[in-house]
Amino acid sequence: MKKIDYEKKESGHSEGPPFEPRCLATTIGSLPHTDVALGTALMFECTPEIPAWVQFPRRIFRESMIVQVTEGMPGLVEEGERIYFDTNAPDFTERLTDFFTRYLAATEEGDPVALETFAISPEYGAGFKEFVARLPEQKAKQVALKGQVTGPFTLGTNLFDQERRCSYYDDQLRDIIVKTVALKAVWQITRLGVFDKRVIILIDEPALLGFGSQTFLTVSREDIIRDLNEVAASIHIHGGLAGIHCEANTDWSLLMEADLDILVFDAYDHMQSITLYPNELSSFLERGGSLGWGIVPTLDRDAASSETIPSLLTRFDEGIECLVGLGIKRELLLRRALITPSCGAGGVLTEPLAQRVLYLLRQLSLDLRGRN
């Protein structure tokens, strides 16, 4: 493993020239497959320029979105398929001390042994090991390599303590969650960095859809931005690009304030959500940001089985025209466009439908790049 460089950058964003994917494609992360080699090979075939390691949530409980990034957290208890913090455990204080000791050793001292305690092991992410093993065999020239983590808000609002209280509202547990997410991202960057490609870490935050609702009335914008920026800062310190994927009508203006490089939105069902913030989006793009167009549907089996390249091209073009009409430069939009599925494919899709989605994604990207 390369020695970790912890010298902080002054900028809140990744150094170097802006990331300009120009309609290259990548995936959100998950597939419905249980055959790790098959799913990984399919991903490499369809997104060769920006490949991502695959999450396989149907393979094993520990690969589910919430559980996958909990490895190494102190005080967690597994009961069947329930996982929670037990802050009343006799050894909780001792385990908490050990956690922060490892965290400080990894961040302050650059200790690779300490960082390895925040790894995503094959038991929690078999796709990462397969991805790294298969990368040297790939003949396509990669522009970037992509990893992903579950975001601190989504994780914190779905992990509870022994009394079934939401851990996001416990300052200590929330701090554990944010720091774990940050070092899961750093660990991926250090592992993927040996291939001398830019590394994108996408923060998956579907729960932010509920921000502002009565359920989360006590959560402020500042809370969300602070936690995201802590994760993004760790990614940037190590030379990575920090992206985020959210769903439906998320408050994108909030995310455009954060220190993020890539915003991935559902351009298939919720194009209007991004059009509500033209000034903020224009500023985000002008300062170097990229927009991920989740244009190939994954949340509806009928849509995934019926959409075609012509219909998706039309939908993409309509989205571009809408943003141009709001005053955003067409050429800038196309330079900074990343093409993705609308969400992970490991939820409602069958394996054949997920494969069809990836083939659509590949051809759509090729067609868009061929004409721009």
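The values are calculated or read from the model by the stated rules, or taken from the named source; none is laboratory data. Note that the coordinates shown come from a computational prediction; the quantities given were computed from them, not determined experimentally. Note: ideal-geometry Cβ built from the backbone for every residue, glycine included; neighbour counts use all protein chains shown.
Here is a list of conditions, (1) over 21 Å from N249 (Cα atoms); (2) part of a helix (DSSP H, G or I); (3) not hydroxyl-bearing (S, T, Y), and V324 meets all of them except one; can you say which number that is?
Going through the list (1) over 21 Å from N249 (Cα atoms); (2) part of a helix (DSSP H, G or I); (3) not hydroxyl-bearing (S, T, Y), V324 breaks only (1).
In region 211-235, which residue that is part of a loop (DSSP other than H, G, I, E, B) and either touching a strand residue (DSSP E or B) at 6+ places or on another chain (Cβ under 7 Å) or β-branched (V, I, T) (or both) is modelled with the highest pLDDT? Steps first, answer last, please.
Going residue by residue through region 211-235, those that are part of a loop (DSSP other than H, G, I, E, B) are 211-213, 217-220.
Checking which are either touching a strand residue (DSSP E or B) at 6+ places or on another chain (Cβ under 7 Å) or β-branched (V, I, T) (or both) leaves us with 218-219.
Details: T218: 76, V219: 82.
Checked region 211-235; the qualifying residue modelled with the highest pLDDT is V219.
Taking region 150-169, which residues are among the polar types (S, T, N, Q) and in a helix (DSSP H, G or I)? Give the derivation first.
Applying the first criterion (among the polar types (S, T, N, Q)) to region 150-169 yields 150, 154, 157-158, 162, 167.
T154, S167 - these are the residues of region 150-169 that are among the polar types (S, T, N, Q) and in a helix (DSSP H, G or I).
Of these, L241, L254, L228, which one is touching a residue at least 60 places away in the same chain (Cβ under 8 Å), in contact with a Phe, Trp or Tyr (Cβ under 9 Å, 6 or more places away or on another chain), of a type outside the set (F, W, Y) and closer than 21 Å to R336 by Cα?
Among L241, L254, L228, only L241 is touching a residue at least 60 places away in the same chain (Cβ under 8 Å), in contact with a Phe, Trp or Tyr (Cβ under 9 Å, 6 or more places away or on another chain), of a type outside the set (F, W, Y) and closer than 21 Å to R336 by Cα.
From the list T26, T70, pick out the single residue that is in contact (Cβ under 8 Å) with a residue 24 or more places away in the chain, β-branched (V, I, T) and more than 22 Å from I177 (Cα to Cα). Give the steps one after another, and end with the answer.
Working: T70 fails: more than 22 Å from I177 (Cα to Cα).
After applying the criteria, what remains is T26.
Could you check region 51-149 for helices (runs of 4 or more DSSP H) lying wholly inside it with 1 or more residues that are under 16 Å from the mean Cα position of the chain (by Cα) and under 30 Å from S365 (Cα atoms)?
Helices (runs of 4 or more DSSP H) meeting the threshold: 126-134.
Would you confirm, using the coordinates I've provided, whether G110 is in contact with an Asp or Glu (Cβ under 7 Å, 6 or more places away or on another chain) and not basic (K, R)? Quick ask: steps written out before the conclusion?
Numbers: in contact with an Asp or Glu (Cβ under 7 Å, 6 or more places away or on another chain): no; not basic (K, R): yes.
Against the criterion (in contact with an Asp or Glu (Cβ under 7 Å, 6 or more places away or on another chain) and not basic (K, R)), G110 does not qualify.
Looking only at region 336-352, which residues are crowded, with 17+ Cβ neighbours inside 10 Å and part of a helix (DSSP H, G or I)?
Just the residues of region 336-352 that are crowded, with 17+ Cβ neighbours inside 10 Å, to begin with: 336-346, 349, 351.
Across region 336-352, the qualifying residue is only E351.
Pick from L255, L260, L208: which is within 30 Å of P122 (Cα to Cα), part of a helix (DSSP H, G or I) and aliphatic (A, V, I, L, M)? If you could, list the steps in order and put the result at the bottom.
Working: L255 fails: within 30 Å of P122 (Cα to Cα); L260 fails: part of a helix (DSSP H, G or I).
On inspection, the qualifying residue turns out to be L208.
For region 273-288, enumerate the residues that are closer than 16 Å to L208 by Cβ and among the polar types (S, T, N, Q).
If the condition is that a residue be closer than 16 Å to L208 by Cβ and among the polar types (S, T, N, Q), then S273 is the only one that fits.
What number of residues within region 14-50 satisfy the criterion of being charged (D, E, K, R) and outside any loop (DSSP other than H, G, I, E, B)?
Pass one, region 14-50, residues charged (D, E, K, R): 15, 20, 22, 35, 45, 49.
With outside any loop (DSSP other than H, G, I, E, B) added as a condition, the list becomes 45.
Total meeting the criteria: 1.
From V67, V54, grab the single residue that is surrounded by 17 or more Cβ atoms within 10 Å (Cβ to Cβ) and in contact with a Leu (Cβ under 7 Å, 6 or more places away or on another chain).
Numbers: V67 fails: in contact with a Leu (Cβ under 7 Å, 6 or more places away or on another chain).
After ruling out the rest, the residue left standing is V54.
Condition test on S311, is it outside any strand (DSSP E or B), among the small types (G, A, S), without any contact (Cβ under 8 Å) to a residue 12 or more places away in the chain and surrounded by fewer than 20 Cβ atoms within 10 Å (Cβ to Cβ)?
So S311 fits the description; yes.
Pick from T340, T350: which is more than 19 Å from R58 (Cα to Cα), polar (S, T, N, Q) and modelled with pLDDT of 95 or more? Spell out the reasoning first.
Numbers: T350 fails: more than 19 Å from R58 (Cα to Cα).
Testing whether each residue is more than 19 Å from R58 (Cα to Cα), polar (S, T, N, Q) and modelled with pLDDT of 95 or more leaves just T340.
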